[in-house]
1. From the list Ser101, Ser161, which one is assigned to a helix (DSSP H, G or I) and either under 16 Å from Phe38 (Cβ atoms) or free of Cβ contacts under 8 Å to residues at least 60 places away in the same chain (or both)?
2. In region 251-283, which residues are surrounded by fewer than 17 Cβ atoms within 10 Å (Cβ to Cβ) and among the β-branched types (Val, Ile, Thr)?
3. Among the residues of region 58-97 satisfying the criterion of being hydroxyl-bearing (Ser, Thr, Tyr) and more than 12 Å from Val24 (Cα to Cα), which is surrounded by the fewest Cβ atoms within 10 Å (Cβ to Cβ)?
4. List the number of the failed condition for Arg140; all other conditions in (1) more than 30 Å from Leu274 (Cβ to Cβ); (2) part of a loop (DSSP other than H, G, I, E, B); (3) of a type in the set (D, E, K, R) hold.
5. Which numbered condition trips up Thr207, out of (1) modelled with pLDDT of 95 or more; (2) surrounded by fewer than 17 Cβ atoms within 10 Å (Cβ to Cβ)?
6. Criterion first (without any contact (Cβ under 8 Å) to a residue 60 or more places away in the chain and of a type outside the set (S, T, N, Q)) does Phe38 satisfy it?
7. Return yes when Leu114 is free of Cβ contacts under 8 Å to residues at least 40 places away in the same chain, at negative phi, in contact with a strand residue (DSSP E or B) (Cβ under 8 Å, 6 or more places away or on another chain) and outside any strand (DSSP E or B) and no when it is not.
8. How many residues are farther than 12 Å from Leu60 by Cα and either touching a strand residue (DSSP E or B) at 6+ places or on another chain (Cβ under 6 Å) or free of Cβ contacts under 8 Å to residues at least 24 places away in the same chain (or both) if we restrict to region 250-260?
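The values are calculated or read from the model by the stated rules, or taken from the named source; none is laboratory data. Predicted model only: the values in this text are computed from it and were never measured. FYI the Cβ positions are ideal-geometry reconstructions off the backbone, even for glycines, and counts take in every protein chain you see.
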Amino acid sequence: MTVSDDFDPPYDVIEPDRWHGPVVFNSPHSGSVYPRSFLTSARLDHATLRRSEDSFVDELIAGVVTRGYPLMRAHFPRCYVDVNREPYELDPRMFDGRLPSFANTRSMRVAGGLGTVARVVGDAQEIYDQRISVDDALRRIESLYKPYHRTLRRLFTKVHSDFGAAVLIDCHSMPSATGSRDDRPRADVVIGDRYGTSCVAVVAETTEQVLRALGYSVSRNKPYAGGFITEHYGNPAAGLHALQIEFNRALYMDERSHERIAGFRRLARDIEALADQLAAIPLEELRPYRAAAE
């Protein structure tokens, strides 16, 4: 975790020296640079705020760059502004001032306190002890959210233009425990394809098969089917495919001490192997349906 007065840069794109396939990796929730002003306004301590991070996920997937695939990652934390939401999913109860008329104030995510500017972290713990200004929320969206998506869209479009198809792998992590009375262990990995709508079947099937062969337990779409990024970047009919992957944190980190464990290296290597297998999918199976039919 880093405390700073600004984000410089707020995100980055790491491109390979040589591109080996139409696969893009994205880590939107691994940011750990916290604005000093935000920490001052929050009622929660640093450790509690960090529970919403996908800690170390950007490092887990960094090896894909040397294999020939680009990586984009955020440096700002998701509890400050969440790019895996609609641009204006905002809870009016949080703000001092009137929200724009186009804000989505009634989504399920807003109701749960997890809008574009979150109200809670962890086990529904309130981040702020008082309302924050609407202008502050809109500034976060204009200065961080929108530039992030412009850059991700530009990268995704470049890959699509170069290869005729593009596959976005949106990477996240999940707590090992559900926090509910259901104490059954979570899968090692959950892949989400929005119930078959965000990518062609071969993308999800290849991912599941590769991970199972490497010894991981895999669930599909339950409990995570994919968020805003998966839904809005995936357009299989146009040759644009998006898949969300959630890694169980117990695979690679100690969730209490917030430190990497021995399993980190193994998982990182296995993600590289997965990237190569996804890039090996024949382009004819990924390109737009009409082109494939011809």
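1. Among Ser101, Ser161, only Ser161 is assigned to a helix (DSSP H, G or I) and either under 16 Å from Phe38 (Cβ atoms) or free of Cβ contacts under 8 Å to residues at least 60 places away in the same chain (or both).
2. If the condition is that a residue be surrounded by fewer than 17 Cβ atoms within 10 Å (Cβ to Cβ) and among the β-branched types (Val, Ile, Thr), then Ile261 is the only one that fits.
3. This residue is Thr66.
4. All conditions are met except number (2).
5. Of everything listed in (1) modelled with pLDDT of 95 or more; (2) surrounded by fewer than 17 Cβ atoms within 10 Å (Cβ to Cβ), Thr207 misses just condition (2).
6. Here the answer is yes, as Phe38 does meet what is asked.
7. yes
8. Total satisfying the criteria: 4.
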